[in-house]
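One structure is given below, encoded as structure tokens.
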Amino acid sequence: MTPKGKFLTLEGVDGAGKSTHLEWMAEYLRAQDIHVLLTREPGGTPLGERLREILLAEPMHLETETLLMFAARCEHLRTVIEPALARGTWVVCDRFTDATYAYQGAGRELGVDRVTALQKWVHPDLEPDRTWLFDLDLGIARERLAASRDLDRFEREGAEFFTRTRGGYHQLVTQSPERFMVVDASQSITAIREDLKADLEQLVARWQERTT
Ligand code: ADP
Ligand code: MG
């Protein structure tokens with residue numbers, strides 16, 4: 001069945017500014033009379049949140065890490081995302097499978113093929129309708145993070161890891177240019193919001209009639 005709702009995701013390296021805009025995006029859509037579900041990965045379900053805690057804290061084998069990311073995602077998809085989309089709700093998600101391609105596939109050098117194998121197993125037919133990639137110089141992302149919070153297991157990784165991760169994201173944009181909007185995350189929060197608003201306006205105009 002074709003989902004009635006739209007699936008929107010935010011991606012980018014840690015500290016790029018994704019979470020800063022989530023709530024505002026949901027409010028913008030709600031003001032257009034759209035039902036919105038705001039969620040995140042890993043997480044979004046009680047089990048997923050427990051897996052998130054483990055994933056962000058506990059050192060583990062790369063393959064275990066990747067499987068747990070997809071285990072959390074599977075629970076999230078089956079119990080939250082897919083039912084919401086089927087009801088016509090628009091789902092806004094802070095990270096999704098693109099993050100596994102970027103972080104585990106590229107950052108940790110697992111490779112694209114093994115992530116694709118799991119994607120085909122867990123969600124062969126679903127991909128986001130729109131993905132905003134928050135793209136930011138890694139040095140600036142580090143500075144923003146250091147000033148804002150204690151760093152988790154991923155955020156403590158070094159520059160080489162994040163250079164590969166950012167490269168992994170750019171590879172995805174090259175593969176699916178229609179799905180992505182690359183956001184210049186070095187701008188002010190207000191300027192980024194203007195860019196997002198312009199894009200959301202267009203998307204709502206294009207999609208809303210078919211979902212109400
Ligand atoms: P992410 O969710 O991508 O890891 P956050 O939204 O948590 O990033 O932002 C990381 C830090 O950077 C936060 O302290 C946030 O307030 C700050 N920040 C976010 N966007 C900007 C911006 N455009 N300019 C300056 N600081 C920002
Ligand atoms: Mg965040």
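No lab work stands behind these numbers, since they all come straight from the coordinates. None of the values given here were measured: they were computed from a predicted structure. Counting neighbours? That spans all protein chains shown, and the Cβs are built from the backbone with ideal geometry, glycine included.
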Pairing a residue in segment 35-47 that is more than 20 Å from TRP24 (Cα to Cα) with any residue that is within 16 Å of ligand 1 (Cβ to nearest atom) and in a loop (DSSP other than H, G, I, E, B), where Cβ atoms lie under 7 Å and the two sit 6 or more apart in sequence or on different chains, gives none
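Yes/no matrix, rows are residues, columns are (1) at negative phi; (2) within 16 Å of ligand 1 (Cβ to nearest atom); (3) among the charged types (D, E, K, R); (4) under 16 Å from the mean Cα position of the chain (by Cα):
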position	(1), (2), (3), (4)
THR79	yes, no, no, no
PHE96	yes, yes, no, yes
VAL115	yes, no, no, yes
GLN119	yes, no, no, yes
Report every pair of residues separated by at least 6 positions or lying on different chains whose Cβ atoms are under 6 Å apart, first residue within segment 149-174 and within 17 Å of PRO128 (Cβ to Cβ), second charged (D, E, K, R). LEU172/ASP98
Pairs needed: first member in segment 14-27, under 15 Å from THR39 (Cβ atoms) and within 13 Å of ligand 2 (Cβ to nearest atom); second member anywhere, assigned to a loop (DSSP other than H, G, I, E, B) and small (Gly, Ala, Ser); C-beta distance under 9 Å; at least 6 residues apart or different chains. LYS18/GLY12; LYS18/ALA185
Every residue from segment 39-59 that is within 16 Å of ligand 2 (Cβ to nearest atom) and surrounded by 17 or more Cβ atoms within 10 Å (Cβ to Cβ): THR39, ARG40, GLU41, PRO42, GLY43, GLY44, GLY48, ARG52, LEU55
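Out of GLU49, GLU23, which single residue is within 24 Å of ASP135 (Cβ to Cβ), in a helix (DSSP H, G or I) and of a type outside the set (A, V, I, L, M)?
Values: GLU49 fails: within 24 Å of ASP135 (Cβ to Cβ).
Testing whether each residue is within 24 Å of ASP135 (Cβ to Cβ), in a helix (DSSP H, G or I) and of a type outside the set (A, V, I, L, M) leaves just GLU23.
Residues are listed down the side, and each one gets a yes or a no for (1) within 16 Å of ligand 2 (Cβ to nearest atom); (2) hydrophobic (A, V, I, L, M, F, W, C):
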residue: GLY88; (1), (2): no, no
residue: VAL92; (1), (2): yes, yes
residue: PHE96; (1), (2): yes, yes
residue: TYR103; (1), (2): yes, no
residue: ALA106; (1), (2): no, yes
residue: GLY111; (1), (2): no, no
residue: LYS120; (1), (2): no, no
residue: HIS123; (1), (2): no, no
residue: ARG130; (1), (2): no, no
Among the candidates ALA102, ALA16, residue that is in a loop (DSSP other than H, G, I, E, B), within 16 Å of ligand 1 (Cβ to nearest atom), of a type outside the set (Ser, Thr, Tyr) and surrounded by 23 or more Cβ atoms within 10 Å (Cβ to Cβ): ALA16
Residue hits (segment 1-13; more than 11 Å from ligand 1 (Cβ to nearest atom), surrounded by 15 or more Cβ atoms within 10 Å (Cβ to Cβ) and in a loop (DSSP other than H, G, I, E, B)) are PRO3, LYS4, GLY5, LYS6
